[in-house]
Amino acid sequence: MKRAATPRKPAPAAARERLASFIASRGLKATRQRDLIVDTFFSQTGHLSVDELVEKAKQRDPSIGAATVYRTMKILADAGLASARHFEGGQTRYEAALDRHHHDHLICTSCGNIAEFENERIEELQDRVAEEHGFTVTHHKLELYGLCAECKQRQSTPNRQR
């Protein structure tokens, strides 16, 4: 059964609450800029690079710098609230991890679009292959690279003069 995973937006309030506990337990301080970055991140869906997040955060507060965003995203990842994904091409992208379950990714090599999906048959097959090899899977990621429908259509349509 093939299902598209719909990225859900976790409630920024729940993320802030969990982050506050994490920060307090590490002796870090809460800051207005960090709260703004957290709110900005959790108000988005999909997979954001730090550069994209800096741009969105600067729309709310022009004084926010890239270093603050990098540090905040590291804290979010350490707290289990964000997952750092290292897709082909080398740029780290972050996705919300709060209350998310496992999913896999389709990545367009032309436009960079990332679509999430879930497929029970793929999961079952991976488990069976691991079992046949006496292997215990602790975690995995599946990334499929190619062309999305729009880019495939664009490439197959001859260029027309205007």
Rounded accessible area of S43 (nearest 10 Å², 1.4 Å probe): 40
Could you work out the local net charge near F135, counting Lys and Arg as +1, Asp and Glu as -1, over the other residues with Cβ closer than 12 Å to its Cβ? -2
For F87, residues with placed amide H under 5 Å, excluding near neighbours: R93
Can you give the charge dipole size of segment 23-162 about its Cα centre, rounded to the nearest 20 debye, using +1 on the beta carbon of Lys and Arg and -1 on the beta carbon of Asp and Glu? 900
Can you pull the accessible area of L144 for me, 1.4 Å probe, Å² to the nearest 10? 80
Between segment 53-81 and segment 99-130, the Cα center-to-center distance that results, in Å: 27
Out of H102, H86, H140, any idea which swings most in a Gaussian network model of the chain, alpha carbons joined below 10 Å? H140
Quick one: length gained pulling R71 to L36 fully straight, 0.36 nm per residue minus the C-alpha distance? 11.3 nm
Skipping prolines and chain starts, which residues have an amide H placed within reach, meaning under 5 Å, of the one on A97, given they are 5 or more residues away or on another chain? A82, S83
Accessible surface, per residue, of the chain when the full set of protein chains is kept, probe 1.4 Å, Å²: 66
Give me the dipole magnitude in Debye, nearest 20, for segment 23-88 about the Cα centre, with unit charges on the beta carbon: positive for Lys and Arg, negative for Asp and Glu. 300
Give me the extension gain from I122 to K152: residue separation times 0.36 nm, minus the current Cα-Cα distance, reported in nm with one decimal. 8.4 nm
For T31, what accessible area in Å² do you get when you roll a 1.4 Å probe over the heavy atoms of the protein chains, rounding to the nearest 10? 40
Describe numerically, in nm with one decimal, the distance between label points set 7 Å from Cα along Cα→Cβ at L144 and at D61. 4.1
Measure off, as a whole percent, the carbon and sulfur share of the 1.4 Å-probe accessible area of the chain, all protein chains present. 49
Distance between modelled label sites at R26 and T136, nm, 7 Å Cα→Cβ extension: 2.9
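The values are calculated or read from the model by the stated rules, or taken from the named source; none is laboratory data. What you see is a predicted model; the values in this text were computed from it and never measured. FYI the Cβ positions are ideal-geometry reconstructions off the backbone, even for glycines, and counts take in every protein chain you see. Just so you know, the surface numbers come from the protein's heavy atoms only, side chains and all, with ligands and any DNA or RNA stripped out. Shrake-Rupley method; radii C 1.70, N 1.55, O 1.52, S 1.80 Å.
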